[in-house]
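Chemist: Following this message is one structure expressed as structure tokens.
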Amino acid sequence: MSSTASFPSLPNRPLTVAVLGATGAVGQELLELLAERQVPIAELRLLASERSAGRQLVWKGRELTIEAVAAGSFEGVDLVLASAGGSISRRWAPVAVAAGAVVIDNSSAFRLDPEVPLVVPEVNPQAALEHQGIIANPNCTTILLTLALAPLQARRPIRRVVVSTYQSASGAGARAMEELRTLSRTVLDGGEPLSEVLPHSLAFNLFLHNSPLQPSGYCEEELKMLHETRKIMALPQLRLTATCVRVPVLRAHSEAVNIEFEQPFPVEEARALLAVAPGVELLEDFAANRFPMPTDVTGRDPVAIGRIRQDLSDPNALELWLCGDQIRKGAALNAVQIAELLLKPAQPAQVPAPSAARGAV
Ligand code: NAP
């Protein structure tokens with residue numbers, strides 16, 4: 001990205017907001033959140049591809065017409081919430097910034113650009129105020145993971161993280177969710193499930209994450225978790241290895257996380273920290289063997305964490321399990337929270353509670 005402009009905060013008046021990718025899984029969630037939360041909106045523009053142009057959507061009782069994104073789409077726009085994929089963001093985000101807008105981008109296009117902040121508001125809120133027009137929203141599994149890691153890192157340094165993900169169909173967009181529904185019906189009816197959106201049928205099945213494989217044997221999603229966690233937490237040397245798996249869940253991702261520290265970390269201390277960590281809720285009942293499930297967090301804001309326990313194979317390591325709605329906290333909610341940080345940057349009390357990375361950045 002190259003930008004000479006600097007826009008630390010959003011104007012102090014009702015905003016003109018554009019949602020790029022308004023018809024998608026993340027775009028639809030963004031519209032719901034914009035109706036619920038605190039971003040003051042004077043005008044909302046819904047942008048998507050030619051395929052959706054002319055369709056009407058109702059937002060807060062108003063009928064809005066979807067427009068195909070074009071050169072003039074960003075004139076007079078203060079804030080763009082982009083969720084139309086990396087190539088679309090690479091093409092249109094600079095256009096929007098040149099027109100004077102701040103862009104909060106859900107794609108991976110700019111996340112590792114050193115000039116672009118990569119922000120989880122509960123972890124590194126101050127980074128949002130250092131942008132030059134574009135702020136990147138991290139990868140969904142990474143957002144959920146950092147909410148668990150940051151409060152622990154603040155108490156005792158993390159040496160290594162081993163994470164396995166259980167990622168829902170919705171992570172691949174609205175069409176993948178529909179495909180899981182349809183192919184599940186096909187299997188139940190005795191038919192052969194033939195996938196078109198995902199590379200394999202997810203119905204009563206699972207497969208390793210379908211992002212492109214790299215020469216190291218890791219897929220892109222796994223490497224996003226490594227590089228983005230390092231950037232968000234300002235821990236450039238953090239050792240992290242991930243295995244990402246797509247599972248037949250409609251919505252909300254889960255992660256099994258092993259965290260090795262430089263020294264032993266008492267389980268009760270970790271539990272107490274996570275119990276009060278921003279954006280986190282503890283959901284664990286050992287007596288009833290009841291821990292977070294995707295259905296516990298679907299459509300909800302917090303990341304649910306449970307089954308925090310000592311790793312029996314390593315005195316310095318803890319194990320935990322987490323579930324989070326990745327369309328919400330893993331994408332749309334995180335983006336809207338970033339916008340909220342830009343509304344009142346002069347009032348630090350509005351920023352979520354400090355955490356590990358905060359002091360380190
Ligand atoms: P999606 O459901 O497939 O939606 C894609 C959106 O992009 C649709 O609104 C689509 O509009 C629009 N679009 C596609 N091609 C376009 C074009 N040429 N010009 C303008 N708009 C175009 O995908 P999604 O799951 O919402 O993901 C969107 C982005 O967010 C991706 O970058 C993804 O990696 C990221 N993300 C997704 C998640 C998740 O959990 N799903 C989480 C974090 C980040 P039409 O309806 O007109 O095709």
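The values are calculated or read from the model by the stated rules, or taken from the named source; none is laboratory data. Quick caveat, the model's predicted, so the values are computed rather than measured. When we count neighbours, we look across all protein chains shown, and the Cβ atoms used for this are built from the backbone with ideal geometry, even at glycine. Note: accessible area is taken over every heavy atom of the protein model, side chains too, but ligands, DNA and RNA are not part of it. Shrake-Rupley method; radii C 1.70, N 1.55, O 1.52, S 1.80 Å.
Chemist: If I filter the range 51-96 down to residues being part of a loop (DSSP other than H, G, I, E, B) and basic (Lys, Arg), which single residue comes out as farthest from Ala109 (Cα to Cα)?
Modeler: Lys60
Chemist: Something else: With respect to the numbered conditions (1) open to solvent by less than 30 Å² (accessible area, probe 1.4 Å); (2) under 24 Å from Leu118 (Cβ atoms), which one is the sole condition not fulfilled by Asp301?
Modeler: Evaluating Asp301 over (1) open to solvent by less than 30 Å² (accessible area, probe 1.4 Å); (2) under 24 Å from Leu118 (Cβ atoms) leaves (1) as the failure.
Chemist: Out of Leu112, Leu183, I need the residue that is part of a helix (DSSP H, G or I) and not aromatic (Phe, Trp, Tyr). Which one?
Modeler: Leu183
Chemist: A further question follows. If I ask for residues that are touching a helix residue (DSSP H, G or I) at 6+ places or on another chain (Cβ under 9 Å), of a type in the set (A, V, I, L, M) and surrounded by fewer than 16 Cβ atoms within 10 Å (Cβ to Cβ), which ones from the range 9-59 would you list?
Modeler: Ile41 - this is the single residue of the range 9-59 that is touching a helix residue (DSSP H, G or I) at 6+ places or on another chain (Cβ under 9 Å), of a type in the set (A, V, I, L, M) and surrounded by fewer than 16 Cβ atoms within 10 Å (Cβ to Cβ).
Chemist: Can you tell me which residue in the range 92-125 is surrounded by the most Cβ atoms within 10 Å (Cβ to Cβ), limited to those that are in contact with a helix residue (DSSP H, G or I) (Cβ under 7 Å, 6 or more places away or on another chain) and farther than 23 Å from Glu29 by Cβ?
Modeler: Residue satisfying both the conditions and the ranking: Val95.
Chemist: Right, here's the next one. Taking Val163, is it touching a strand residue (DSSP E or B) at 6+ places or on another chain (Cβ under 9 Å), more than 16 Å from the ligand (Cβ to nearest atom) and within 17 Å of Leu223 (Cα to Cα)?
Modeler: Considered against the rule, which asks whether it is touching a strand residue (DSSP E or B) at 6+ places or on another chain (Cβ under 9 Å), more than 16 Å from the ligand (Cβ to nearest atom) and within 17 Å of Leu223 (Cα to Cα), Val163 comes out as yes.
Chemist: When you go through His200, His253, His227 one by one, which is the residue that is closer than 19 Å to Gly324 by Cα and either at pLDDT 95 or above or not aromatic (Phe, Trp, Tyr) (or both)?
Modeler: So the residue among His200, His253, His227 that is closer than 19 Å to Gly324 by Cα and either at pLDDT 95 or above or not aromatic (Phe, Trp, Tyr) (or both) is His253.
Chemist: Ok, one more. Being closer than 27 Å to Glu178 by Cα and among the hydrophobic types (A, V, I, L, M, F, W, C) narrows it down to one of Ile232, Ile259, Ile327, Ile305, so name that one.
Modeler: Matching residue, one of Ile232, Ile259, Ile327, Ile305: Ile327.
Chemist: Separate question: Of all residues in the range 13-25, count the ones that are within 11 Å of the ligand (Cβ to nearest atom) and within 20 Å of Asp78 (Cα to Cα).
Modeler: 4
Chemist: Quick one: is Ser83 in contact (Cβ under 8 Å) with a residue 40 or more places away in the chain and not assigned by TED's automatic domain parsing to the domain that holds Val336?
Modeler: Criteria not met by Ser83.
Chemist: Restricting to the range 45-81, count the residues that are more than 8 Å from the ligand (Cβ to nearest atom), within 21 Å of Val116 (Cβ to Cβ) and aliphatic (A, V, I, L, M).
Modeler: Number of matching residues: 4.
Chemist: Might you check whether a residue that is in a helix (DSSP H, G or I), within 14 Å of the ligand (Cβ to nearest atom) and open to solvent by 10 Å² or more (accessible area, probe 1.4 Å) occurs anywhere in the range 132-144?
Modeler: Checked against the condition, which is being in a helix (DSSP H, G or I), within 14 Å of the ligand (Cβ to nearest atom) and open to solvent by 10 Å² or more (accessible area, probe 1.4 Å), the range 132-144 yields at least one hit.
Chemist: Can you spot a residue in the range 186-195 that is touching a residue at least 40 places away in the same chain (Cβ under 8 Å) and either open to solvent by 70 Å² or more (accessible area, probe 1.4 Å) or in the same structural domain as Thr23 (by TED's automatic domain parsing) (or both)?
Modeler: Looking for residues that are touching a residue at least 40 places away in the same chain (Cβ under 8 Å) and either open to solvent by 70 Å² or more (accessible area, probe 1.4 Å) or in the same structural domain as Thr23 (by TED's automatic domain parsing) (or both), one finds none in the range 186-195, hence no.
Chemist: Same structure again: In this structure, is Val103 free of Cβ contacts under 8 Å to residues at least 40 places away in the same chain, over 13 Å from the mean Cα position of the chain (by Cα), more than 9 Å from the ligand (Cβ to nearest atom) and not assigned by TED's automatic domain parsing to the domain that holds Arg239?
Modeler: Yes.
Chemist: Sticking with this structure for a sec: Restricting attention to the range 246-269, report how many residues are touching a strand residue (DSSP E or B) at 6+ places or on another chain (Cβ under 7 Å), over 27 Å from His200 (Cβ atoms) and open to solvent by 10 Å² or more (accessible area, probe 1.4 Å).
Modeler: 4
Chemist: A further question on this structure: What pairs come out if I take residues in the range 156-177 that are closer than 21 Å to Pro294 by Cβ and pair them with residues that are open to solvent by 40 Å² or more (accessible area, probe 1.4 Å) and part of a strand (DSSP E or B) whose C-beta lies under 7 Å away, six or more apart or interchain?
Modeler: Ser164/Thr243
Chemist: Do you know which residues across the range 133-168 are more than 18 Å from the chain's Cα centre (by Cα) and among the hydrophobic types (A, V, I, L, M, F, W, C)?
Modeler: Scanning the range 133-168 gives Leu152, Ala154, Ile158, Val161, Val162.
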